[in-house]
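What follows is calculated from the coordinates using simple rules that are stated; it is not laboratory data. Please read all numbers here as calculations on a predicted model, not as lab measurements. Cβ placement follows ideal geometry from the backbone for every residue including glycine, while neighbour counts extend to all protein chains displayed.
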Amino acid sequence: MNSTTSEVPTAPIPLSRKPSERGSPDAPASGKTACIRTFGCQMNVHDSDRIRRMIQDAGYAEVQRYEDADLVILNTCYVRENAVDRVKGHLGELNRLRREGRVKRVALTGCIGAAEESQSLQETYNIDLVLGTHNTYELAEFVGLPTMRETYTPELPGTEGEHSAFVTIMTGCNYQCSYCIVPTVRGRMTCRPMESVVGEIERLVAGGTRYVTLLGQTVDAWRYEGKRFCDLLEAVSEVAPRVWFTTSHPSNMEDRTLRAIGERDTIVKRLHLPVQSGSDRMLKVMHRGYKADRYRRKISVFREAAPEGTLSTDIIVGHPGETEEDHQQTLQLVEDCEFDSAYIFKFSPRRGTEAADLPGVVPDAVVQRRFLEVLRGIEHSAFRRNQRKVGNIEEIFVRHGATEDGKTIGETWSGHAVHVDTDAAPGTYVTATIESAGPHVLYARIRN
Ligand code: 5AD
Ligand code: SF4
């Protein structure tokens, strides 16, 4: 489950295909090595999977450490300023390794690559290749594959042969939220045809995939030839044994979809619906296109459809112009919606967005206090709701195999993250009793 954080919302998902270390028996004869680092959201994790296949096709072995790599690819995120700072740290380190004659070439892809700032980064850090999000095919040429003139389209297959797969159903975004750089770097919405999505999922499931996540910036805005997102979700839920989707926009979220989550056995009862603020005034400034009460109403439909389900959101604190009154309204919404988790973000000005030039900058100390107040509200409801699960016997999908300290991470059908004492393989189910609960995670024990 999501943790409450001010950081980039989604942690990279460990890939089950183990990278070959340099010199290991399965390293290709060419001896070329490459290291891919992924920053940011699940879209990037997914794009990295494609990049991974390209470098493997080009005869590179994947390694984990920069110092073992001939080629390093940084697949980046641009959503907040600290994301750029983190990447700069990595670029500095790579330049040092280059001077020592280790890393030979560096490529930067993803959202920073698509931003204007990438030019100055390329000059400062001598980056060999900078690519945006729409021309990933150029990487093929760079790594020595025959030139592929396909553009970045959602047509390319997702991760195959894994127990969990991410399937992109749309790219880009047609909204213009005041603070958001995504429409600039990812472009306008493109939806992938229904048959293409369902066909890919059928192939994935035949190859062993047990869990499919539908991906996109606003998946619920998906439309294709008269079909809407709920039609696609229903079709997918017929062919996949377990389905989830992220991320959604409240203006597109239909009651029908919320009810399908509750009704369909194969859909995980977990909704991520970013609200950003509880103040109608701020929602207007942000161009979100809905009012707080409309959001509340959607949540009540979801709660009714899936009372055990989990609800998460994104909240921005300290957007320019946010007053104490606006903040209080966000706290009220947090209390009313009883979120199970949230990603809380301190506003970060992104050059090229409307909000970057707005007056009414909120002082850091005020932002910090508001951040903590929202966090406290979220943790309060998350803890209380998690406590209700204690004593339940649950079917748990094993997501990641046991770590060294014996922790296996799984997910209930209600979308709760669970630590469970099992060495069951990822992609399988175990039945366990929930013994205790914290604000972020449940703890379960296998029944004897
Ligand atoms: N500052 C802070 N948070 C942001 N987000 C997007 N852009 C910004 C920004 N400039 C947050 C939003 C979005 C999530 C993915 O990141 O809450 O839903
Ligand atoms: Fe950004 Fe708004 Fe589009 Fe989400 S809906 S990607 S916040 S512009």
| request: Could you check which residue among His163, His287, His419 shows the biggest mean-square fluctuation in a GNM of the chain with a 10 Å Cα cutoff? | output: His287
| said: Can you find, among Asn392, Ala292, Gly309, the residue sitting farthest towards the positive end of the charge dipole of the chain, where Lys and Arg contribute +1 and Asp and Glu -1 at Cβ? | reply: Ala292
| Stretched out fully, how many nm does the piece from Glu117 to Glu81 gain, at 0.36 nm a residue minus the Cα gap? | 11.8 nm
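About the Cα centre, and with charges only on the beta carbon of Lys, Arg (+1) and Asp, Glu (-1), how big is the dipole of segment 28-81? Nearest 20 debye, please. Intermediate values should be presented prior to the final figure.
On the way: 7 positive and 8 negative charges, 21 e Å.
That gives segment 28-81 a dipole magnitude of about 100 debye.
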| request: Taking the Cβ of each residue in Val72, Val268, Val301 as the centre, tally the other Cβ atoms inside 10 Å and list the residues starting with the fewest. | output: Val301, Val268, Val72
| query | In nm, to one decimal, how far is the Ser436 label point from the Thr323 one, both placed 7 Å along Cα→Cβ? | reply | 4.6
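May I ask for the Rg/Rh ratio of segment 267-401, computed from Cα atoms with Rh as the Kirkwood radius, given to two decimals? Walk me through the numbers before you get to the answer.
Details: Rg = 16.4 Å, Rh = 16.0 Å.
Answer for segment 267-401: 1.02.
Dipole size in debye (nearest 20) for the chain around its Cα centre, Lys and Arg Cβ +1, Asp and Glu Cβ -1? Don't skip to the answer; put the middle values down first.
Values: 56 positive and 62 negative charges, 31 e Å.
Charge dipole, the chain, about its Cα centre: 160 debye, nearest 20.
Full-extension gain between Ala206 and Arg294, please, as 0.36 nm times their residue separation minus the C-alpha to C-alpha distance.
Working: separation 88, 0.36 × 88 = 31.68 nm, distance 4.06 nm.
In short, 27.6 nm is gained.
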| How far is it, in nm, from the label point at Leu358 to the one at Arg256 when both lie 7 Å from their Cα along the line to the Cβ? | 3.3
| request: Against the globular-protein guess of 2.2 N^0.38 Å, express the Cα radius of gyration of segment 41-104 as a ratio, rounded to two decimals. | output: 1.21
| request: Rounded to the nearest 0.05, what FRET efficiency do Lys227 and Asn126 give with R0 = 45 Å and r taken as the Cβ-Cβ distance? Could you check? | output: 0.40
| note | Quick numbers on the chain, Rg and Dmax over C-alpha atoms in Å, give 22.0, 65
| task | Run down the lysines and flag those whose C-alpha is under 23 Å from the C-alpha of Lys389, throwing out any fewer than 8 positions away in its chain. | result | Lys269, Lys407
| Distance between modelled label sites at Arg53 and Glu93, nm, 7 Å Cα→Cβ extension | 2.9
| remark: Put in order of increasing Cβ neighbours within 10 Å, starting from the fewest, Lys346, Lys298, Lys227 give Lys227, Lys346, Lys298
| field | Label point 7 Å beyond Cα of Arg369 along Cβ direction - residues of segment 312-335 with amide nitrogen under 20 Å | value | 316-335
| Taking the Cα centre of segment 158-256 as the origin, how large is its charge dipole in debye, to the nearest 20, when only Lys and Arg (+1) and Asp and Glu (-1) carry charge on their Cβ atoms? | 300
